[in-house]
Every structure is written in structure tokens, then in C-alpha cells.
Amino acid sequence: DLDLFDGKPPAKPPEQPFFLATGKTERDYSTLAKAARKVDAEVRVIGPASARPNNLPPNVNWTDNSLDPPDQAIDYSTLREWYAQSTAVCIPLKGDTEDTSGYTNLLEAMAMAKPVLMTRSGCLHIDPESKGFGRLVSPNSYEGWAHKMNEMLLHSERAKDLGVAGRKIAEKEFSIKRFNRDVIVFLREILGRE
């Protein structure tokens with residue numbers, strides 16, 4: 001939803017840089033938490049209580065999500081603001097090459113013009129690194145996560161450029177305008193009209 005996740009700046013700038021990670025399915029929050037120990041920034045996680053690692057480092061701020069959709073752990077205006085304020089969006093996956101988890105989170109981050117840091121997955125058709133809007137991390141690599149997160153902190157202009165590139169792709173490929181155009185083309189093909 002490019003209207004809800006509008007890519008606009010936050011209403012209030014963050015007091016300190018932070019990373020945002022959300023999602024319920026097939027997330028590797030243990031690796032992300034281990035990486036957070038090597039990053040001088042807060043990591044905000046909205047995830048299931050069952051996926052919460054023991055002994056979270058002090059810079060990880062965990063919010064348990066609710067069990068039933070739509071998620072009641074955080075309202076959409078706050079979620080949108082956290083996206084807007086974040087340095088980058090982290091999508092730590094378990095690395096299953098047959099799994100499509102993380103797709104919605106990926107699209108929301110792109111729509112919000114945020115760079116995407118994501119575990120390498122063989123199943124999603126969008127690759128943040130090759131498309132120029134983020135970085136990939138090898139599965140189970142807390143060192144890789146720490147390196148990519150620190151890169152975003154050290155090179156904030158590059159991070160912003162990655163986010164802008166993601167927003168442009170979202171507007172071009174995932175807008176309601178494109179969907180409507182594709183439906184019209186499809187219907188014309190079925191009806192045999194040009």
C-alpha cells in the first residue's frame with residue numbers, strides 16, 4: 001500500500017539511529033540479536049514471543065506481536081513512523097531456499113524508502129542487492145549482519161540512496177496504477193481487442 005507506506009520523512013526525527021525488524025514467519029532473530037552486540041545502535045524488533053531469544057543485548061528493544069491478524073502489538077501510524085525513522089529494515093530469515101517469508105516486510109520497506117538488509121533467500125523474485133536497494137546477508141551469519149548494519153550507520157548517504165532506489169521500484173512495479181494497467185491489458189487479450 002503505497003499510500004499508507006508513503007515513503008515520506010518521519011513526523012519526528014529519531015533521537016538516535018535504530019534498525020527495525022518485524023515479522024512472524026521463519027525469522028532468525030537469534031542471529032540478529034547476536035549481531036546487535038556488535039552494532040552501536042538500537043534494534044527494534046516486533047516478533048512472536050516464541051521467537052524471542054534468551055538474553056537479549058541491551059540495545060535490542062523487543063515488542064511481542066499479537067497472535068491474530070491484523071497485528072495489535074503496534075498501530076499502523078506508529079509502525080509507519082518507526083519505518084520512516086529507521087536507518088534500515090532488517091529481514092533476518094532462516095535461509096530456507098524454498099520459503100517466501102519476508103516478502104511483505106520487503107515491500108513495506110521499499111515503499112517507505114528504507115534500505116533492506118535481508119538474509120539471502122533463493123525463493124523471492126526481488127533481490128535487494130542486485131536491484132540496488134539493499135544488502136544480502138548469508139544465512140546464520142551474525143558477522144555478516146553486524147557488518148551490513150554498521151555499513152548503513154557509517155555511510156548514511158549511501159543508505160538513503162538505497163532507500164530511494166527501493167521506493168522507485170515500488171512505485172514502478174507494485175503500484176495500483178500498474179496493477180490496473182495490467183488487468184486492462186489482460187482483459188483486452190482475453191476479449192481479443194487491442
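Cβ-Cβ contacts under 8 Å between residues 6 or more apart (or on different chains), taken from a first residue in the stretch 118-138 that is in contact (Cβ under 8 Å) with a residue 60 or more places away in the chain to a second residue that is of a type in the set (S, T, N, Q), are listed as Thr119/Ser138.
Residue-wise test of (1) open to solvent by 50 Å² or more (accessible area, probe 1.4 Å); (2) polar (S, T, N, Q); (3) assigned to a helix (DSSP H, G or I).
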| site | (1), (2), (3) |
| --- | --- |
| Ser121 | no, yes, no |
| Lys131 | yes, no, no |
| Leu136 | no, no, no |
| Asn140 | yes, yes, no |
| Gly144 | no, no, yes |
| Met149 | no, no, yes |
| Glu157 | yes, no, yes |
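Only one of these is farther than 19 Å from Arg27 by Cβ, buried (at least 22 other Cβ atoms within 10 Å of the Cβ) and touching a helix residue (DSSP H, G or I) at 6+ places or on another chain (Cβ under 8 Å): Ala88, Ala113, Ala109. Name it.
Working: Ala88 fails: farther than 19 Å from Arg27 by Cβ; Ala109 fails: farther than 19 Å from Arg27 by Cβ.
Going through Ala88, Ala113, Ala109 in turn, the sole match is Ala113.
Against the definition (more than 11 Å from the chain's Cα centre (by Cα) and assigned to a helix (DSSP H, G or I)), how does Thr104 come out, yes or no? Against the criterion (more than 11 Å from the chain's Cα centre (by Cα) and assigned to a helix (DSSP H, G or I)), Thr104 does not qualify.
The values are calculated or read from the model by the stated rules, or taken from the named source; none is laboratory data. Note that this is a predicted model, so its numbers are computed, not measured. Positions of Cβ are generated from backbone atoms using ideal geometry, with glycine treated the same way; all protein chains shown enter the neighbour counts. Keep in mind that these areas ignore ligands, DNA and RNA; they rest on the heavy atoms of the full protein, side chains included. Shrake-Rupley method; radii C 1.70, N 1.55, O 1.52, S 1.80 Å.
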